[in-house]
Every structure is written in structure tokens, then in C-alpha cells.
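*Asks:* I'd like to ask some things about the structure below.
Values in this text are rule-based calculations from the coordinates and carry no lab data. All values derive from a computational prediction rather than experimental measurement. Counting neighbours? That spans all protein chains shown, and the Cβs are built from the backbone with ideal geometry, glycine included.
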Amino acid sequence: MAVIRHHVGARLSETAIHNGTVYLAGQIAEDTDQDIVGQMREVLGHIDCLLAEANSDKAYLLSVQIYISDLAHFQGMNDVWDAWVAEGNAPPRATVEAKLANPACLVEVVVVAAQRS
């Protein structure tokens, strides 16, 4: 079976699709001057776009991993998440505090989703 990749760079692809499953690279905010609410909204917007491009959407999330730079941001991140996640389709999720590669990034989100049939 073929692996389809989108937005392929020298180091990573933003998306890989195999056998009806969509794997996204960790998504971060480009505007790191924003607070956790702004960064999380931007990240979820990136996810929406990448999933749409792969014939999927947030109702098809299979697994989500959230890396947050400081657990003090947990409530703000969850407020944005709760408003975004598809009702009745909340995926399995893990959230961990982590030192992110770019210290200005407050959150990074990794998603695995199914494609729409």
C-alpha cells in the first residue's frame, strides 16, 4: 500500500496517509507572541486545514497528544480544546508538560485521524 505525504520537507512531512489513517506532524503556532489561547486556536486551525486536505476532520480523530510547555496553561488550553472538539467524538488524548524545541511555543499537538469513507 502506498504512503501519501503532503507538505514534504527535508526533515519532515506535515501529513502522511496510509491505509485510511492520517498522521499529522506536531502542529505549533507560527505567531508565538500569542498567549496559550491564541496559540491553541492557531494550532487547531492548522489541524483543521491539514485534516480537510486529507479527506478527514475533527470528528474522525483517533488519538491526540498535546505537549504543553507549562501546566499553568492547562486550563486555557482546555477551554479552547473544549470549544473545538467535535461533540460526541472526543478522542483518546494525553496531555504532558514538556520542554518544546522552540521556547516561545506554548503548545504542540500531534493527531492521528481516520479518513472519511
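*Asks:* Among DSSP bridges having both ends in the chain, what percentage is antiparallel? Round to the nearest 5.
*Replies:* Details: 19 of 24 bridges.
In the chain, DSSP labels about 80 percent of beta bridges as antiparallel.
*Asks:* Distance in nm between label sites at PHE74 and ALA104, each 7 Å beyond Cα in the beta-carbon direction?
*Replies:* Result for the modelled spin labels: 2.8 nm.
*Asks:* Can I ask one more? Which loop-located trypsin sites (Lys or Arg not before Pro) does the stretch 1-100 contain, where loop means any DSSP state but H, G, I, E or B and the Cβ has at most 16 other Cβ atoms within 10 Å?
*Replies:* Passing sites in the stretch 1-100 are ARG11, LYS99.
*Asks:* Same structure, new question: Please arrange SER13, SER117, SER63, SER69 by how many other C-beta atoms lie within 10 Å of their C-beta, fewest to most.
*Replies:* Details: SER13 16, SER117 6, SER63 13, SER69 19.
Sorted ascending by nearby Cβ count, the order is SER117, SER63, SER13, SER69.
*Asks:* Just how far, in whole angstrom, is the stretch 14-75 from the stretch 90-117 if you go by their alpha carbon centroids?
*Replies:* Centre-to-centre (Cα) distance: 6 Å.
*Asks:* Determine the calculated [θ] at 222 nm for the chain from helices alone, applying -39500 (n - 2.57) to every DSSP H run no shorter than 4 residues and normalising by the residue count; nearest 500 deg cm²/dmol. Present the calculation step by step, with values, prior to reporting the outcome.
*Replies:* Details: 2 runs with 29 residues, N = 117.
It lands at -8000 deg cm²/dmol.
*Asks:* Still on this structure: VAL8 versus ALA114, label points 7 Å from Cα toward the beta carbon: distance in nm?
*Replies:* 2.8
*Asks:* How high is the relative contact order of the chain, given as a whole-number percent (alpha carbon pairs under 8 Å, six or more residues apart)? Before the final figure, lay out the partial values.
*Replies:* Values: 217 pairs, mean separation 40.3, N = 117.
It comes to 34 percent, rounded to a whole number.
*Asks:* I've got another one for you. Hey, rough spin-label estimate for ASN55 and ARG93, points 7 angstrom out along Cα→Cβ, what's it come to in nanometres?
*Replies:* According to this spin-label approximation, the distance is 2.8 nm.
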